[in-house]
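Read-outs throughout are calculated quantities, based only on the coordinates presented, and are distinct from any laboratory measurement. Note that the structure is a prediction, hence the values are computed from the model and not measured. Here the Cβ positions follow ideal geometry from the backbone for every residue, glycine too, while neighbour counts run over all protein chains shown.
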Amino acid sequence: MIDIEVEKLIEGERQRQREGLELIPSENYVSRDVLEALGSELTNKYSEGYPGKRYYGGQEWTDKIEQLAIDRAKKLFKADHANVQPHSGAPANEAVYSAWLEPGDTVLAMDLSHGGHLTHGNPMTRSAKLYNFVPYKQKDITTGEIDYEHIKELAREHQPKLILAGFSGYPRDLDYVKFAEAAAEVDGECLLMADMAHIAGLIAAGVKDNPFDYGFHVITTTTHKTLRGPRGGMILSRGTVSTPLKAPEKTLENIPTLIDRAVFPGMQGGPHMHVIAAKAVAFGEALKPEFRQYAEQILKNASALADAMKDEGFSLVTGGTSNHLILADVQASFGLDGKVVEEALDAIGLTLNKNSIPDDPNPPFRPSGIRLGTPALTTRGLREEHMPLIARWMRRAIEVRGDEGMLDSLRTEVHKFLMDYPVPTN
């Protein structure tokens, strides 16, 4: 790279990733092929519209690339339709809301502090200002059991146009049948939407249930996290795809077309074709048999890490994990807030994030919990037998926080260990 200043900064991040261990459950390491697609000449091309229906010329190769990404995504998730253009997960969610809802319509979604996402109705977001979000919560935070009967009651009372199953900080499985039963309590058509950004790779690999098998109409997701692709979004749906001259009626059958119109021209202009190419690469990787082995190992590692953390004195929200994600209450465990613990672990090269726990009495920037997971460390080749070591490092970093000498010693130990488990793309 000619720009030495930028190259030095990129090298700094490359070194951080190489010498430390990524525990943030929404991050991963992509393959060299994904990186090459991201850095390709496709970044030069404008491709407003969809394959075969572009507004600019010169689309011979972009049409084929986007169609390949679409076909692979549909095969991975057993979908009738895939829109691979959303720039990220949040705009993917916004596009579905825009496609199906009118201002003031009601949505049932998981409360943020109980594991939901900002786009599931947090008052600070744009969507919460347009639509009426009614939150549901866990009934028992010691087990993570969601109050599905209450969801049914909310559905009968509020008659939502959309019921959303999904999370960003929930370490257990969702019961899709119960969500479908709640939707049956609504008079008229109720859209069942699953935000599977965190577990999309686990669904694609067949190690977690696919919401489409339980009557869901739409799945939104990011393409990074467990899917191990580039940073981006995607919307998958069931229904009939058509190209009417005017906007189709808002029916469940028309959802694919409604979503396409909501993404472009409704919310976005030109798609990022270099990212779509990288998505196609990642989807191709996820279709290979070894990806299922990878997903299975994510779950084994998460379970082993949760057990090891409990042995080291961490109090885990819901008592453990059923997926790739672990949420620990460090206020209860060590009398510290999540920010302090995040910084202590960052000092030795273990990167995770502070996170609220259900009904957290602490503010979001100094919450009671931390959130971590196993997608990235599994990509580096770590297995169950390594999880007790990680849990010990975590406990030790908390104990010696503020002692620069001890922290440096721990960081050296982490770095030395990781030399045997390099980032695959380095």
May I ask you to order 13-25, 397-409, 213-225 by the average number of other C-beta atoms within 10 Å around their residues, highest value first?
-> 213-225, 13-25, 397-409
Using the Karplus curve 6.51 cos²θ - 1.76 cosθ + 1.60 with θ = phi - 60°, work out ³J(HN,Hα) for each residue of segment 103-112 in order, rounded to whole Hz, and write x for Gly and Pro.
-> x, x, 5, 9, 10, 9, 8, 5, 4, 4
Starting at the first residue of segment 148-159, write each ³J(HN,Hα) from the Karplus equation 6.51 cos²θ - 1.76 cosθ + 1.60 with θ = phi - 60°, in whole Hz, x for Gly and Pro.
-> 5, 5, 5, 4, 4, 4, 5, 5, 5, 6, 9, 6
Of the residues His324, His274, His386, which exhibits the maximal mean-square fluctuation in a Gaussian network model of the chain defined by a 10 Å Cα contact cut-off?
-> His386
Candidates Gly188, Gly369, Gly57, ranked by Gaussian network fluctuation over the chain, Cα under 10 Å, top entry | Gly57
Antiparallel content of DSSP bridges confined to the chain, in %, to 5 = 55
CD proxy at 222 nm, helix term only [per DSSP H run n ≥ 4: -39500 (n - 2.57); per residue of the chain; nearest 500] | -12500 deg cm²/dmol
Everything considered on the Cα gyration tensor (a ≥ b ≥ c; rounded for a/c under 1.5, else prolate if a/b is larger than b/c, else oblate), segment 290-418 must be described as oblate
Centre separation in Å (Cα based) which lies between segment 114-164 and segment 374-408 | 35
In segment 33-286 the DSSP beta bridges are antiparallel at a rate, in percent to nearest 5, of 45
A correct Kirkwood calculation over the Cα atoms of segment 33-286 returns a hydrodynamic radius in Å of 18.4
Taking H as built 1.01 Å from N, whose amide H comes closer than 5 Å to the amide H of Met110, not counting residues under 5 places away?
-> Tyr136, Gly166
Gap in Å between the Cα centre of segment 235-290 and the Cα centre of segment 5-67?
-> 18
Sorted by chain and number, the residues with a modelled amide H under 5 Å from that of Ile219, at a separation of 5 or more or across chains, are Ala194, Leu236, Ser237
